[in-house]
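Shown next, in structure tokens, is the structure this report addresses.
The values are calculated or read from the model by the stated rules, or taken from the named source; none is laboratory data. Source: prediction; values computed, not measured. All Cβ positions, glycine included, derive from the backbone under ideal geometry; neighbour counts span all protein chains shown.
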């Protein structure tokens, strides 16, 4: 039997990035006879024991080091001070990583598109000859940073989170043979929860039969919350009993939530729109809702949409980014152009007014999520693509 492919994930910043979650799911679900996974991770300088417990990685496969990028430090250092911290740690970071590569003897160094780890992995690949795969979860362009952008156009091994991201790479000069799509997998264990409509309505003091449209994401500009609120105002004209539940907080240092709340006020929706803040029980909330709606623009990784689909509720979103690769229009949900407020409102009303259609779409969405984005499906595809990338014909 052939030896498994050894993959060394290099995570040189905080542990809660969505991309790192994707990596952990791949490592957890892939057949260990096909792929062995190892991690080098930015060590928490604040609470290392809690970090290890949260990540729940085997000690023999997880190695921690302070690259100077611990984002749990309070108060947060300035951009320039953080740069100096990274620079001072760089020689030790390089030596530590080189030692681990010599110990593990990986076939692949695997990173996200984050600048520091791309730079470090590129140098490690040059020094050791180990192939570097960049797994990109954002659309590709100069905004990723000059070095990262150059590296993506010249690296021979790139996985993109969706066909949309792959096309953005092709549009800026990435060679087609160097980049291929590696869709994200669903978190089946997390989102496979029973439906219980009553508790959510009880929590917010709503009538038992209240229709609830739920949205969940960072309260940021491109997530579509303002468009959703405007569409909901039109929905309310026909469905005055409906409520919109918004889950999430703004990204640190941003204030787009102020505009969202002002839009709610301007449209006199204070009693119909509920801001629930950060929630760690999204699966349960989704399963208790009638619709999940996130009319996002340029989405590159529909993790939350996949989660909603697993819970068995229909999705209303946009014909933009990766969404059409996940949601099948008129089968698992309804999609409209990103700036079509009337179209979004009509889609929401169509599903709210037809319970049979809602149930049919919800069931179809769950089936599609399991069939095309299930853990076994995606991890198996990942193993096969890794094998091709490092020159093995099959695994």
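Values as computed for the structure displayed
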item: Set 310, 304: member being part of a helix (DSSP H, G or I), in contact with a helix residue (DSSP H, G or I) (Cβ under 7 Å, 6 or more places away or on another chain) and either surrounded by 17 or more Cβ atoms within 10 Å (Cβ to Cβ) or at pLDDT 95 or above (or both); result: 310
item: Segment 169-189, subset assigned to a loop (DSSP other than H, G, I, E, B) and within 22 Å of the chain's Cα centre (by Cα), residue farthest from residue 140 (Cα to Cα); result: 187
item: Residues of segment 266-297 classified as on the phi > 0 side of the Ramachandran plot and touching a strand residue (DSSP E or B) at 6+ places or on another chain (Cβ under 9 Å), total; result: 1
item: Count of segment 55-82 residues which are over 19 Å from residue 10 (Cβ atoms) and in a helix (DSSP H, G or I); result: 3
item: Top-ranked residue of segment 338-366 - restricted to ones that are modelled with pLDDT of 95 or more and in a loop (DSSP other than H, G, I, E, B), ranked as nearest to residue 163 (Cα to Cα); result: 340
item: Segment 127-163 - residue that is in a helix (DSSP H, G or I) and touching a strand residue (DSSP E or B) at 6+ places or on another chain (Cβ under 9 Å) and, of those, nearest to residue 184 (Cα to Cα); result: 163
item: First in segment 177-205 and in the same structural domain as residue 322 (by TED's automatic domain parsing) and on the phi < 0 side of the Ramachandran plot, second anywhere and exposed (fewer than 15 other Cβ atoms within 10 Å of the Cβ) and not in a helix (DSSP H, G or I), Cβ under 8 Å, 6 or more apart; result: 197/208; 198/208; 201/207; 201/208
item: Contacts under 9 angstrom Cβ, first residue in segment 123-134 being under 17 Å from residue 159 (Cα atoms) and in the same structural domain as residue 179 (by TED's automatic domain parsing), partner modelled with pLDDT under 95 and part of a helix (DSSP H, G or I), 6 or more apart; result: 131/389; 133/389
item: Subset of segment 227-270 [at pLDDT 95 or above, more than 30 Å from residue 188 (Cα to Cα) and assigned to a loop (DSSP other than H, G, I, E, B)]; result: 239, 240, 241, 267, 268, 269, 270
item: Test result for residue 103, without any contact (Cβ under 8 Å) to a residue 12 or more places away in the chain and out of contact with any helix residue (DSSP H, G or I) (no Cβ under 9 Å at 6 or more places or on another chain); result: yes
item: Residue in segment 281-294 that is without any contact (Cβ under 8 Å) to a residue 60 or more places away in the chain and either assigned to a loop (DSSP other than H, G, I, E, B) or surrounded by 24 or more Cβ atoms within 10 Å (Cβ to Cβ) (or both) present; result: yes
item: Yes/no for residue 109 being in the same structural domain as residue 63 (by TED's automatic domain parsing), surrounded by fewer than 21 Cβ atoms within 10 Å (Cβ to Cβ) and more than 18 Å from residue 174 (Cβ to Cβ); result: no
item: Some residue of segment 149-167 being surrounded by fewer than 21 Cβ atoms within 10 Å (Cβ to Cβ), at positive phi and assigned by TED's automatic domain parsing to the domain that holds residue 382; result: no
